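*Asks:* Quick one: this structure, given as structure tokens, is what I'll be asking you about.
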Amino acid sequence: MKNETPAAVHPLAVFAATLDWQDVPVPVRRRTKDLLVDWFGSVLAGQGARPVRSIAGFALAQGPETGPCEVIGHARGSAPLAASLANAAASHVAEQDDVHNGSVFHPAAVVFAPALAVAQQQGASGIDLLAACVAGYEVGIRVGEFLGRSHYRVFHTTATAGTLAAAAAVGRLLRLTPLQMQHAFGSAGTQSAGLWEFLATGADSKQLHTAHAAAAGLMAACLAQDGFTGAADIFTGARGLAAGMSTDADPARLVDGLSTRWATAETSFKWHASCRHTHPAADALLQLMKAHGIQASDIAQVTCHVHQGALDVLGPVVSPVTVHQSKFSMGTVLALVARFGHAGLGEFDAEFLAPATVALRERVTMVLDAEVDAAYPRRWIGKVTLRTTDGRVLQGRVDEPKGDPGNTLSRAEITAKALRLAAYGSPALPADAAAAAVERLWGIEQQPRVGWLLG
């Protein structure tokens with residue numbers, strides 16, 4: 001860390017402004033590159049989706065017609081704002097981007113998109129980009145934890161805490177002072193928005209959430225660099241984030257273990273292409289089916305023992321009518337898992353309304369479980385009760401779903417996942433081009449200037 005700062009500046013702003021790559025432990029540096037490669041695959045998977053095309057079309061229409069910042073999957077560049085909007089929207093549509101359990105926050109979508117755009121504009125080094133992204137992850141995760149469970153019942157934390165995560169990452173690249181970073185947080189926090197109501201009808205808002213958060217954080221940091229001021233206490237002020245968006249906010253979470261606890265390394269990868277709330281039960285069901293040789297046709301009933309957050313987010317999705325909405329249907333996810341062993345992008349596209357899937361979907365229920373709820377969000381336990389057609393009642397449990405830090409993906413699995421996502425969302429992209437881009441990302445620390453990923 002470096003620089004002396006006025007005592008009035010929040011420690012989180014000091015941390016984000018003064019973080020140096022040499023301060024970051026080697027395992028955290030490694031995990032940051034893992035997360036970057038994983039994010040790249042999600043962008044390629046989502047860049048052609050209809051909602052993303054709408055946002056990218058709008059962003060690119062604002063100009064300029066050319067620019068240094070890559071709009072991934074498009075054969076043109078633009079300004080940082082347009083690239084941030086388009087790439088952040090693409091990051092989150094395939095439901096394969098990362099998640100931090102304790103904050104219930106998807107950092108990659110709102111951190112890497114604006115940071116990459118600004119790094120490309122500046123000609124920043126790969127190390128500068130990675131350090132900025134660590135700052136974004138650490139800030140965004142802590143803001144999500146601070147806002148608490150009450151916040152998540154109504155607000156999409158990735159959209160709200162995401163504005164501050166983006167501001168921290170961009171602010172670190174812009175070399176903001178701690179006081180300027182605090183102003184950036186104030187401007188980012190006042191733009192925090194994103195409501196879960198879109199789930200009821202399967203609307204496109206989730207892509208707007210990440211696009212807006214990335215762009216709002218970018219703007220907040222750039223304005224702060226120009227002397228623009230923001231609220232001094234956006235977190236706990238009388239009319240700040242806690243007052244307006246939470247009933248259980250915990251200010252201590254904002255500074256929990258700064259410089260000693262690295263939340264970036266706690267971030268999980270997503271294996272199934274669905275809402276993370278479905279993953280623990282999906283993995284528990286898979287484990288049970290494998291252990292007892294059960295086929296999909298043997299399933300009479302599945303009861304998922306879940307935390308309240310799963311009921312809040314997944315409960316409204318009873319009869320999904322779109323592919324994206326089906327990824328928030330516990331019944332659909334477990335039906336696909338039971339039929340195919342994995343709820344991947346192809347399975348959702350082809351089978352989410354297949355009669356066999358719907359029939360299984362109707363046999364899945366969720367109930368609140370005291371143990372699971374007490375552990376959440378720090379731990380996402382998967383528990384299911386399976387009743388078979390021949391009358392057996394079996395219990396399944398998973399304490400760490402695949403992708404969690406204790407059950408993480410290897411680099412080979414991350415590479416394979418990224419290339420699989422690239423082939424899904426960008427079929428015209430040659431496989432060797434996608435592989436070369438992934439290889440460049442694995443070596444990004446050696447790059448003196450961050451160029452286009454597909455360039």
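The values are calculated or read from the model by the stated rules, or taken from the named source; none is laboratory data. A quick note: this is a predicted structure, and the numbers were derived from the prediction, not measured. Note: ideal-geometry Cβ built from the backbone for every residue, glycine included; neighbour counts use all protein chains shown. Calculation scope for accessible area: heavy atoms of the full protein, side chains included, ligands and nucleic acids excluded. Shrake-Rupley method; radii C 1.70, N 1.55, O 1.52, S 1.80 Å.
*Asks:* Sort Met366, Met330 by accessible area with a 1.4 Å probe, largest first.
*Replies:* Met366, Met330
*Asks:* How big is the chain in terms of Cα radius of gyration and Dmax, in angstroms?
*Replies:* Just the Cα atoms of the chain yield Rg and Dmax of 21.2, 71 Å.
*Asks:* If you place +1 on the Cβ of every Lys and Arg, -1 on the Cβ of every Asp and Glu, and leave all else neutral, what size is the dipole of the chain about its Cα centre, to the nearest 20 Debye?
*Replies:* 280
*Asks:* Here's another thing I want to ask about it. Taking Cα centroids, how far is region 1-72 from region 292-354 in Å?
*Replies:* Each part reduced to its Cα centre gives a spacing of 32 Å.
*Asks:* Just going by the charge dipole of the chain, with Lys and Arg at +1 and Asp and Glu at -1 on Cβ, which of Gly136, Pro316, Pro25 is farthest out on the positive end?
*Replies:* Checking the options against the dipole of the chain, the answer is Pro316.
*Asks:* May I pose another question? Each residue of region 359-369 in order: what ³J(HN,Hα) in whole Hz does its phi give by Karplus 6.51 cos²θ - 1.76 cosθ + 1.60, θ = phi - 60°, with x for Gly and Pro?
*Replies:* 4, 5, 3, 6, 9, 10, 10, 10, 9, 6, 10
*Asks:* Does region 245-290 come out rounded, prolate or oblate, given a ≥ b ≥ c as the square roots of the eigenvalues of its C-alpha gyration tensor, rounded meaning a/c under 1.5 and, failing that, prolate meaning a/b above b/c?
*Replies:* Prolate, since a/c reaches 1.5 and a/b exceeds b/c.
*Asks:* Just check region 142-294 against the gyration tensor rule for me: Cα atoms, a ≥ b ≥ c as the square roots of the eigenvalues, rounded for a/c under 1.5, and otherwise prolate or oblate depending on whether a/b exceeds b/c.
*Replies:* Cα axes put region 142-294 in the prolate bin.
*Asks:* What is the Cα centroid distance between region 211-245 and region 402-455, reported in whole angstrom?
*Replies:* So the separation of the two Cα centres works out to 32 Å.
*Asks:* Output the peptides 229-239, 115-125 sorted from most to least packed, where packing is the average of other Cβ atoms within 10 Å over each peptide's residues.
*Replies:* 115-125, 229-239
*Asks:* Now for a separate question. Between Trp452 and Ala412, what FRET efficiency follows from the Cβ-Cβ distance if R0 is 25 Å, with the result rounded to 0.05?
*Replies:* That gives a FRET efficiency of 0.50.
*Asks:* Using helices alone, what [θ] at 222 nm do you get for the chain, with -39,500 (n - 2.57) per DSSP H run of 4 or more residues, divided over all residues and rounded to the nearest 500?
*Replies:* Value at 222 nm, helices only: -16000 deg cm²/dmol.
*Asks:* Out of every Cα-Cα pair in region 286-370, what percent are more than 16 Å apart?
*Replies:* Everything past 16 Å amounts to 50 percent.
*Asks:* Arrange the residues Met181, Met219 by how much accessible surface each exposes, largest first, with a 1.4 angstrom probe.
*Replies:* Met219, Met181
*Asks:* Between Gln308 and Arg53, what is the label-to-label distance in nm when each label sits 7 Å out along the Cα-to-Cβ direction?
*Replies:* Computed distance between label sites Gln308 and Arg53 equals 4.2 nm.
*Asks:* Highest mean first, what order results for 292-298, 163-169, 43-49 on Cβ atoms within 10 Å?
*Replies:* 163-169, 43-49, 292-298
*Asks:* Can you give me the solvent accessible area of Ser326 with a 1.4 Å probe, rounded to the nearest 10 Å²?
*Replies:* My reading of the accessible area for Ser326 is about 0 Å².
*Asks:* Roughly what would the spin-label model give for Leu353 and Ala300, points 7 Å off Cα along C-beta, in nm?
*Replies:* Distance between label points: 3.2 nm.
*Asks:* If ligands, DNA and RNA are left out, what is the accessible area of Glu445 with a 1.4 Å probe, given in Å² to the nearest 10?
*Replies:* Estimated to the nearest 10 Å², Glu445 gives 50 Å².
*Asks:* Which value, in Å² and to the nearest 10, is the accessible area of Ser259 when all protein chains are kept and the probe is 1.4 Å?
*Replies:* So the heavy atoms of Ser259 present about 60 Å² to solvent.
*Asks:* Just the number, please: Stokes-Einstein D of region 384-453 in µm²/s, Kirkwood Rh from C-alpha pairs, 20 °C, 1.002 mPa s.
*Replies:* 137
*Asks:* Here is a follow-up. How much of the accessible area of region 303-455, probe 1.4 Å, is carbon plus sulfur, in whole percent?
*Replies:* For region 303-455, the apolar C and S fraction of the accessible surface comes to 57 percent.
*Asks:* Spin-label point model (7 Å from Cα, Cβ direction): what's the Trp442 to Arg379 distance in nm?
*Replies:* 3.4
*Asks:* Would you mind checking region 74-102 for residues with the amide N under 11 Å from a putative spin-label position 7 Å along Cα→C-beta of Gln62?
*Replies:* Only 79-86 fall inside the zone, counting backbone N under 11 Å.
*Asks:* What shape does region 219-311 have by the C-alpha gyration tensor, where a ≥ b ≥ c are the square roots of the eigenvalues, rounded means a/c under 1.5, and otherwise prolate means a/b greater than b/c and oblate the rest?
*Replies:* prolate
*Asks:* Quick check: the distance between the Cα centres of region 248-273 and region 363-388, to the nearest angstrom?
*Replies:* If you average the Cα positions of each part, the centres end up 22 Å apart.
*Asks:* So for Ser103, Ser54, what's the accessible-area order with a 1.4 Å probe, most first?
*Replies:* Putting Ser103, Ser54 in descending order of accessible area: Ser54, Ser103.
*Asks:* Taking N as the number of residues in region 133-186, what value does Rg over Cα atoms divided by 2.2 N^0.38 Å take?
*Replies:* Rg over 2.2 N^0.38 Å, computed on Cα atoms: 1.14.
*Asks:* If you count the DSSP beta bridges with both ends in the chain, what percent of them are antiparallel, to the nearest 5?
*Replies:* For the chain, the DSSP antiparallel bridge percentage is about 75.
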